[in-house]
Structures are given as structure tokens and as C-alpha cells.
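The values are calculated or read from the model by the stated rules, or taken from the named source; none is laboratory data. None of the values given here were measured: they were computed from a predicted structure. Here the Cβ is made from the backbone with ideal geometry for all residues, glycine too, and neighbour counts use every protein chain on show.
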Amino acid sequence: MNVTVVDAGAAQTGGSVPFRVSGSVASGSVLQALNSSMIAVAIVGIAAQFGSSSGITWVISGLYMATAVCAPIAGKLGALLGARRVYLGGLALVVVGSVVGLLAPTIGWLIFARVLVGIGTATQYPNAMTMIRDYAERYAAEPRSAITILAACSQAVLALGPTLGGLLVGAFGWHSIMWFNLPIAALSAIAVTNFVGGGFVRGVAVSGRQLLHSLDVIGALLSVVLIASMMLFLLSVTTVPLWWLIPVWLVTLAAFIEWERRAEEPFVDVRALARNRALSATLARVLFTYTAFYCIFFGVPQWLQYSRGMGATEAGLTMLPVAGVGFASTFLASRIYARHGVRTTLAVGTCAILVGGLLLASVESSTAPVIVLLLVAVVLGVPNGFNNIGNQNLVNSVTSVEDVGTAIGTYRTVQYVGANLAAAVLATTSGHVIGDDGLHRTGWFIAVVGTILLAGVLTSRNISDRQPADA
């Protein structure tokens, strides 16, 4: 099918964004989720080949940092150059990084490969959202179902990663998590090229000088230092805290705010962000939500292995209900959002966080039957779908089509800051070996977070079911 056929089919306004468009742009979003989650079960094999060292930690955190830093930049580039072009460029970078990883002779090369993959995967989600919004505005289509598909493909796959990774690594070794990227990237590129017409995606021809001016390079570089220093400090909390990074972060934050206030075309419009309280509140809620989620995502598999004596594959399979329920709850949450609005959707998700935390605070490894563990996993899967649908639809509704890519990129940055906060929380509540007592303390922390989030959702004046902001 060529682009003219897509345009002809799109000429009928109204309805939802067609699956050929939403499914195509969502296909590449699974790459970030898979690469960030499958690595957890591949680390043992990587350490066996390259030797256990401090570099092993950077195999995991290198991708997180690259994605967190580059996601907002990718959204801005998509608005300037065209979202489809940047999306496809990111897929090419994923392929290059994967090939480098497959051939990596040392741990340093593998870390470099993971950083390349992280930069490439950072382009997918924000530009997918931009393409969905652009299509919806051009053809008066409803974007809700497309956002649901995008959320399901990225977040449900994130929970599925340990199970899929365990099967791949068990059968083919750790290299399989690298070559697995190649067919997905190729199929995604084919789908987006065929089913998402270049005319659907805004972006103008700009010179290199205009691009540098519009991109606000100084603001972008300051944001890189700001995010990197924060995440490096959070990562260091689990070992030897790098306290000197705190003043670096504070000075950079002050410089970033002052520069962005004065910039003609700021990388992050801090004045608008201060005015857009709904977006600011949503990003704060996302930070707390993902801190709780990653405490579950990182903590429970380790607890299953340390306290229950499970292998990596068995622990991954025990976590499978989290993925399955997370995927199903995404579509259920979309229906509830359509009927009852965003506040109800978020209330269900935050209640599930609270209940899940209380369950983790009470479960015992020595006495709990496997069926109880599976039921706990079922409950832990509910928040994923409901909170993502609620928060992402809020971001969509309070930003314009030009700004939604950068906003979603910032959303992803906040997500991975939450991941590193979770690592620090687990180090505090559980240490390096998570036993029953550590899991119980982590569960109480999650329950407290769920309580705070629920109170905020029920009382916030910044939550409303509004239409997307005009372009």
C-alpha cells in the first residue's frame, strides 16, 4: 500500500485513528521496553563473558540514561524536522547499536552499543505520539484508541520483558537480546514508511543554522547535564554516593531555568510549564507512579530468586501475570476513561498501587503458595494500564500538536528518573539481597506512595477531561 492509498482512506473524517497508523507507529515503541527489561536476565551471561565488574552496572544504566536525556530532544527534533523522519532515523540507530553489541569485544563496546540503542529508542514514543496527534487533527479523528495501543505496546511489553528475555537467553544466550532488535526495527520501518504518509507529519525544511537556533542547543546541553548529574547521583546512592553531584545539579538547574526564560525558542518553555499546572502536576504524578512501579519491577523478581530460590526463567514466568493484566487493563482503562473520565481512571490505578503495596507488605516467601504469588502479580499488573492511560491522555489534552512530542519525551525522562529513584529506594529498604523483611518495607513504601497519589487524584483541581490544546 502506498501513501496515496492511505491519504484516500483518511479523507473520511471522524472516527478513530485507524489501526494501520496507530499500530505502525506503536510497533517501534516496543524496542525501548524490551531493551530496558530483557537485560535484567542477561546480566549473568554478560558477566560470565566479560567478567563481573563495575562496568556491568553501566550496561543497564547506560541505556536508561541515554533514553532519559534524549527523549525530550527527540520530541523537539520531530517537531522541527518531521516526526516520521526522526522516528525512522531512530530505528536505524537501534540497528547500528544492536550490531555493535553483537560484535562487542569488550564491556566498554557493549556499553557504547547500549547507549546507541538507548538514543535510538528514545525517538520512538514521543514521535509516535506526534504522528498520532497530527493525523487526528488533520482528519478530525479521535486519538484515544491510538494512545491506548501505543501505551499497551510499550508498557505491557515492559512487564513482559523478563519473561521473554528469560526464554531467549535460556535458549540462545545473552546475544539474543541484541539480535532480537533487528527484525522488529525492520518491520517497524516498513510499516511506518508504508502506512504513515510523510504529509501527515509536520516539519519544515530548515538550514543547519536555523535548526541549531530552533533546537536551542545551549538549553539542550544544559538539560543533558541536569538529567545526567541527577541520574548519576541516584545510581551512586546504591554504592558510594557522589555528593559533589548535588551542587553541580543545583547550579545547572539555576542556569537552565534562567537560560530558558530568556531564550527566543526555548528547549523547554519553563514559563509555559509554570503556567500549565495540569502538565506539571501530571509529570509529578508520573514520577511517583513510576518510582512505585519500578520498585515492583526490580524488587519482586529479585525477591523470588533470593527468598523462593527460583531461577531466572521461573521468576520471569511468575511475573507474567503482571504483563498480561497490564496489557488487558490498558484497554479496560481506555473504556473507563471514555465513559467516566480521567479522574476515575487514575483513581482506579492509584488504588491498585495502594492495594499492591499492602499485599507486598504482608506476603511471606516461606508460607505463601505459588497461587498466592500469582494473584499478587495479577493485582500488581492493574496500575500499569490505568495510570498510563490516564496520565498520557492528560498530557495529550493539555499540549498542542507541536509540543506533544517534547512533552511526551519529558514524560519518558521522568519515567526513567523514577526507575533510578526506585533503585535507591530498594537499596534503602532492602539492600542488595531482598528477603521478606526488605520486601515488606518496600511494600509499605509503595502503599504510602499509593495513598499520596490517590489523595492527589481525588482533590486535584488540575485534572479535567478537556480536548487537546489547539495547535
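Quick rundown of the values:
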{"quantity": "Residue match in the stretch 362-380 (condition: over 26 Å from Leu439 (Cβ atoms), in contact (Cβ under 8 Å) with a residue 12 or more places away in the chain and crowded, with 24+ Cβ neighbours inside 10 Å)", "calculated": "no"}
{"quantity": "The stretch 345-382, subset polar (S, T, N, Q) and in contact with a helix residue (DSSP H, G or I) (Cβ under 6 Å, 6 or more places away or on another chain), residue farthest from Gly309 (Cα to Cα)", "calculated": "Thr345"}
{"quantity": "Filtered residues of the stretch 373-402 (kept if of a type in the set (Gly, Ala, Ser) and out of contact with any Ser or Thr (no Cβ under 9 Å at 6 or more places or on another chain))", "calculated": "Ser400"}
{"quantity": "Filter result (in contact with a Ser or Thr (Cβ under 9 Å, 6 or more places away or on another chain), under 12 Å from Ala152 (Cβ atoms) and surrounded by fewer than 21 Cβ atoms within 10 Å (Cβ to Cβ)) within the stretch 319-346", "calculated": "Phe331"}
{"quantity": "Helices (runs of 4 or more DSSP H) wholly inside the stretch 21-82 that include at least 3 residues being at pLDDT 80 or above and over 14 Å from the mean Cα position of the chain (by Cα)", "calculated": "39-50, 55-81"}
{"quantity": "Set Gly435, Gly385: member being in contact with a Phe, Trp or Tyr (Cβ under 8 Å, 6 or more places away or on another chain) and crowded, with 24+ Cβ neighbours inside 10 Å", "calculated": "Gly385"}
{"quantity": "Residue among Gly349, Gly316, Gly357 that is in contact with a Ser or Thr (Cβ under 7 Å, 6 or more places away or on another chain) and in the same structural domain as Leu458 (by TED's automatic domain parsing)", "calculated": "Gly316"}
{"quantity": "Counted residues, the stretch 418-451 - those being closer than 15 Å to Asn391 by Cβ and either without any contact (Cβ under 8 Å) to a residue 60 or more places away in the chain or among the hydrophobic types (A, V, I, L, M, F, W, C) (or both)", "calculated": "1"}
{"quantity": "Scan of the stretch 302-316 for residues that are in a helix (DSSP H, G or I), farther than 14 Å from Leu158 by Cα and either touching a Phe, Trp or Tyr at 6+ places or on another chain (Cβ under 6 Å) or not acidic (Asp, Glu) (or both), ordered by number", "calculated": "Gln302, Trp303, Leu304, Gln305, Tyr306, Ser307, Ala312, Thr313, Ala315"}
{"quantity": "Residue check for Gly349: crowded, with 24+ Cβ neighbours inside 10 Å and modelled with pLDDT of 85 or more", "calculated": "yes"}
{"quantity": "Every residue from the stretch 215-264 that is surrounded by fewer than 16 Cβ atoms within 10 Å (Cβ to Cβ), outside any helix (DSSP H, G or I) and not charged (D, E, K, R)", "calculated": "Thr239, Val240, Pro241, Leu242, Trp243, Trp244"}
{"quantity": "Members of the stretch 395-421 that are under 25 Å from Ser37 (Cα atoms), in contact with a Lys or Arg (Cβ under 8 Å, 6 or more places away or on another chain) and among the β-branched types (Val, Ile, Thr)", "calculated": "Thr406"}
{"quantity": "Sole residue being surrounded by fewer than 24 Cβ atoms within 10 Å (Cβ to Cβ), modelled with pLDDT under 80 and assigned to a helix (DSSP H, G or I), chosen from Ala424, Ala447, Ala471", "calculated": "Ala424"}
{"quantity": "Qualifying residue in the stretch 340-350 (condition: among the polar types (S, T, N, Q), part of a helix (DSSP H, G or I) and within 21 Å of the chain's Cα centre (by Cα))", "calculated": "yes"}
{"quantity": "Criterion: exposed (fewer than 14 other Cβ atoms within 10 Å of the Cβ), modelled with pLDDT of 80 or more, in the same structural domain as Leu283 (by TED's automatic domain parsing) and not acidic (Asp, Glu) - qualifying residue of Arg461, Arg466, Arg441", "calculated": "Arg461"}
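Residues checked against (1) at pLDDT 80 or above; (2) among the polar types (S, T, N, Q); (3) over 22 Å from Arg412 (Cα atoms):
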site	(1), (2), (3)
Trp249	yes, no, no
Phe256	yes, no, no
Ala272	no, no, no
Thr282	yes, yes, no
Phe288	yes, no, no
Glu314	no, no, yes
Phe327	no, no, no
Phe331	yes, no, no
